[in-house]
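Notes to accompany the following structure.
The values are calculated or read from the model by the stated rules, or taken from the named source; none is laboratory data. It should be emphasised that the depicted structure is a prediction, and the values quoted were computed from it without experimental measurement. When we count neighbours, we look across all protein chains shown, and the Cβ atoms used for this are built from the backbone with ideal geometry, even at glycine.
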Amino acid sequence: MDVKTIILGFLSYGEMSGYDIKQAFTNSIGFFYDASFGAIYPALRKLEEEGFVTKQEIIQSGKPNKILYRITEAGKQSFRQEIQTPILPPVLRSDMLVKIFFGKSRSIDEQKDLLEGCLDTQRQLLQQSKASYKKLEMNFDEYQRFCWEYTIHHLESTISFMEQKMTSLLKQPAYSV
């Protein structure tokens, strides 16, 4: 799914600024789909050109004016149409897995540091996800709750798998590249 469609989805809940949309990405679906301001604002411009959103400038004294975006009926229709398209197979892009894949090109100590660092990162993500979920859970519908619980389950499974495999990985001899 593209950034434009996700933005339309967020705007279907109500009007938002570009900053609000970025926060929605980060705080709701950031584990499995995130977008930078550099992707959000061009997408908003395109959505406005296509007639899928309108914007309203709010004058604020003492600080920059705020621009609020609102989904149009055409935008709602486009969003509903896009979410009906077939689900594409997920493409997993993982810096962690690529580094582990080439782990034998590191010394044993470097391999251990890599795996421990990966485990620490996963544990931190799990802790952050659980804290965010607990804080935001009351605002979620069942579908949103499913996605958060999926994220937590995924992280717990990753940590468990890494802990199980770490000893056998570290028994592998290193080789130089």
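Key figures
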quantity	calculated
Residue within the stretch 127-135 that is at pLDDT below 95, part of a helix (DSSP H, G or I) and either in contact with a Leu (Cβ under 8 Å, 6 or more places away or on another chain) or assigned by TED's automatic domain parsing to the domain that holds residue 14 (or both) present	yes
Subset of the stretch 9-22 that is in a helix (DSSP H, G or I) and in contact (Cβ under 8 Å) with a residue 40 or more places away in the chain - its residue that is surrounded by the most Cβ atoms within 10 Å (Cβ to Cβ)	11
Tally of residues being of a type in the set (S, T, N, Q), more than 14 Å from residue 121 (Cα to Cα) and touching a residue at least 24 places away in the same chain (Cβ under 8 Å) across the stretch 154-177	2
Failed criterion for residue 108 (all others in (1) in contact (Cβ under 8 Å) with a residue 60 or more places away in the chain; (2) surrounded by fewer than 17 Cβ atoms within 10 Å (Cβ to Cβ); (3) closer than 28 Å to residue 130 by Cβ hold)	(3)
Residue that is of a type in the set (A, V, I, L, M, F, W, C), at pLDDT 90 or above and loosely packed, with under 12 Cβ neighbours inside 10 Å, where the choices are 102, 52, 25	102
Selection status of residue 58, surrounded by 14 or more Cβ atoms within 10 Å (Cβ to Cβ) and either β-branched (Val, Ile, Thr) or at pLDDT below 95 (or both)	no
First in the stretch 26-40 and closer than 18 Å to residue 94 by Cβ, second anywhere and of a type in the set (S, T, N, Q) and modelled with pLDDT of 85 or more, Cβ under 8 Å, 6 or more apart	31/129; 31/151; 32/151; 34/26
Which numbered condition residue 162 misses (of (1) out of contact with any Leu (no Cβ under 6 Å at 6 or more places or on another chain); (2) part of a helix (DSSP H, G or I))	(1)
So residue 151, is it free of Cβ contacts under 8 Å to residues at least 40 places away in the same chain, surrounded by 11 or more Cβ atoms within 10 Å (Cβ to Cβ), of a type in the set (S, T, N, Q) and within 24 Å of residue 33 (Cβ to Cβ)	no
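Here is a yes/no grid of residues against (1) under 30 Å from residue 119 (Cα atoms); (2) part of a helix (DSSP H, G or I); (3) in contact with a Ser or Thr (Cβ under 6 Å, 6 or more places away or on another chain):
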residue: 1; (1), (2), (3): yes, no, no
residue: 7; (1), (2), (3): no, yes, no
residue: 27; (1), (2), (3): yes, yes, no
residue: 46; (1), (2), (3): no, yes, no
residue: 63; (1), (2), (3): no, no, no
residue: 84; (1), (2), (3): no, no, no
residue: 93; (1), (2), (3): yes, no, no
